1. Return the sequence-ordered ³J(HN,Hα) values of region 83-90 in whole Hz as given by the Karplus equation 6.51 cos²θ - 1.76 cosθ + 1.60 applied to θ = phi - 60°, using x for Gly and Pro.
2. If amide H atoms are built 1.01 Å from N in the plane of the peptide, which residues on other chains or at least 5 residues away come under 5 Å of the amide H of residue 35?
3. Report Rg(Cα)/(2.2 N^0.38 Å) for region 23-70, keeping two decimals.
4. For region 49-56, in order, what is each residue's ³J(HN,Hα) by Karplus, 6.51 cos²θ - 1.76 cosθ + 1.60 with θ = phi - 60°, in whole Hz (x at glycine and Pro)?
5. Using the Cα atoms of the chain to build a convex hull, what is its mean projected area in square nanometres?
6. Quote to one decimal, in nm, the extra length available between residue 83 and residue 37 on full extension: 0.36 nm per residue of separation minus the C-alpha distance between them.
7. What does the net charge come to around residue 32 if you take all other residues with beta carbon closer than 10 Å to its beta carbon, with K and R at +1 and D and E at -1?
8. Which value, in Å² rounded to 10, gives the accessible area of residue 69 with a 1.4 Å probe and all protein chains present?
Amino acid sequence: MYIQGAVLPVKTAQKADYVKLVAAMFEVMKDYGALSTVEAWGDDVPMGESTSFPQALKLESDETVVLSWLVFPDKAARDRCMNEGMQDPRLGEIFSAMPIDGQRMIWGGFDSILEA
């Protein structure tokens, strides 16, 4: 299993819009090999003394931290999905309406080392 993960700031007042948009985004990503997704709304994400999600994102007072990931069978499937799926015109509409500052999003690919 391979995970494409992200931590991102989302406008708190636009939570419902965000959920609608990422649900639509997943429908597109499934067409390119994504198996599942999780979008987790920050509920207990404290400001740290030296490091924290809010500090890393430069979180603003009207934003909430979201932890997001897509699951793929392997890295090759993720790479295909990111290369082909990101060019799908349906995503252009979705991305243009996202209530986030994508420049502060932190993301990366992760090879699963334990599944329980």
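1. 6, 8, x, 5, 9, 5, x, 4
2. Close amide H contacts, sequence-distant or interchain: 71, 72.
3. On the way: Rg = 14.0 Å, N = 48, 2.2 N^0.38 = 9.6 Å.
So region 23-70 has a normalised radius of gyration of 1.46.
4. Karplus-based 3J(HN,Hα) across region 49-56 equals 7, 10, 9, 5, 4, x, 5, 4 Hz.
5. The number I arrive at for the chain is 7.8 nm².
6. Answer, rounded to one decimal: 14.8 nm.
7. On the way: positive: 30, 78, 80; negative: 31, 84, 88.
Overall, the nearby charge balance is 0.
8. Looks like 80 Å² after rounding.
The values are calculated or read from the model by the stated rules, or taken from the named source; none is laboratory data. Quick caveat: nothing in here was measured; it's all calculated off a predicted structure. Reconstructed Cβ throughout: ideal geometry from the backbone, glycine too, with neighbour counts over all protein chains shown. Protein only, heavy atoms only, side chains kept; ligands, DNA and RNA dropped before computing areas. Shrake-Rupley method; radii C 1.70, N 1.55, O 1.52, S 1.80 Å.
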